[in-house]
Amino acid sequence: AILESELRTEFPQDATLEALSYGTRVKKEDLVGREDLRDVECFTIDPDTAKDYDDAVSLERENGIWILGVHIADVSHYVKDKSALDREASLRCNSTYFPGKCIPMLPPELSDNLCSLREGVLRLTVSVFISIDDNGETKSYRIARSVIKSQKRFTYKKKKKVLDGELES
């Protein structure tokens, strides 16, 4: 299927070097201008076999309103317009999953590290905050560039057990 679909399995050197240039940790200067959500209880929920963790959620109650936070890895912070990473990502369009194998859209230095919302580490995100009343009606929303520290990685199966009272979160 990889050969038939002519999927790109290797990254060009310029894209790999660009990904490596970001290092392995979020830098202090990357936090400037971002909403600090490090103390907000965020968690990821993915299938057992997930290879990347690119979204997280949070839920808080403020003044009788539920605030649902949806936090997406801020890939755009690292993939600049017309850069080597941008050109390669445009050619790939998405990550492609096979049983036991993933061909990522971005080099592993980003897809498995800086753009993966791993448990207990700072990550840059774009967050949508949705205000919901007790009747489940959306009252408002806002979008912000943010930084989170995911507290927990859940799988769908584990979270179902938590919801069913069979497991503590």
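Heavy atoms of the protein chains alone define the surface here; on that basis segment 83-169 has 58 Å² accessible area per residue at 1.4 Å probe size.
Tell me, what is the Rg over Rh of segment 71-169, with Rh the Kirkwood radius over Cα pairs? Could the numbers behind the result be given before it?
Values: Rg = 17.1 Å, Rh = 16.2 Å.
My calculation of the ratio gives 1.05.
For the cross-link pairs K80/K149; K27/K161; K82/K149; K27/K80, the ones whose C-alpha atoms lie over 28 Å apart are K27/K161; K82/K149. Converting the Cα gyration tensor eigenvalues of segment 1-47 into ellipsoid dimensions via √(5λ) gives semi-axes, longest first, of 33, 20, 8 Å. Grouping the Cα pair distances of the chain into 5 Å bins from zero gives a pair-distance distribution of 2, 8, 15, 17, 18, 16, 11, 7, 5, 2, 0, 0 percent in increasing distance order.
Please identify the GluC sites (Glu not before Pro) of segment 1-34 that satisfy two criteria: DSSP loop assignment and at most 15 other Cβ atoms within 10 Å. Which are they? If you can, show how the numbers build up before the last one.
Values: sites: E4, E6, E10, E18, E29; in loops: E4, E6, E10.
Counting only loop positions with at most 15 other Cβ atoms within 10 Å, the GluC sites (Glu not before Pro) in segment 1-34 are E4, E6, E10.
Quick one, can you get me the convex hull of the C-alpha atoms of segment 67-118 expressed as volume per residue in Å³?
Numbers: hull volume 5.8 nm³, N = 52.
Expressed per residue, the convex hull around the Cα atoms of segment 67-118 is 112 Å³.
Applying both filters, DSSP loop and at most 14 other Cβ atoms within 10 Å, to the trypsin sites (Lys or Arg not before Pro) of segment 75-166 gives K80, K82. Computed from the C-alpha gyration tensor, the three semi-axes of the ellipsoid equivalent to segment 20-103 are 28, 20, 12 Å, from longest to shortest.
Let me have the 222 nm mean residue ellipticity of the chain computed from DSSP H runs of 4+ only, each contributing -39500 (n - 2.57), with the sum over all residues rounded to the nearest 500.
Values: 3 runs with 25 residues, N = 169.
Rounded to the nearest 500, the figure is -4000 deg cm²/dmol.
Let me check against my output: what whole-number percent is the relative contact order of the chain, with C-alpha pairs under 8 Å and at least 6 apart?
Numbers: 290 pairs, mean separation 52.2, N = 169.
Reported relative contact order: 31 percent.
If you sort I103, I72, I65 by accessible surface, 1.4 Å probe, largest first, the order is I72, I65, I103.
If you take all other residues with their beta carbon under 10 Å from the beta carbon of G64, and give Lys and Arg +1 and Asp and Glu -1, the sum is -2.
The values are calculated or read from the model by the stated rules, or taken from the named source; none is laboratory data. Only a predicted model underlies this, so the values are computations on that prediction, with no experimental measurement involved. Glycine also receives a Cβ, built like all others from the backbone with ideal geometry; neighbour counts cover every protein chain displayed. What goes into the accessible areas is simple: the full protein's heavy atoms, side chains included, and nothing from ligands, DNA or RNA. Shrake-Rupley method; radii C 1.70, N 1.55, O 1.52, S 1.80 Å.
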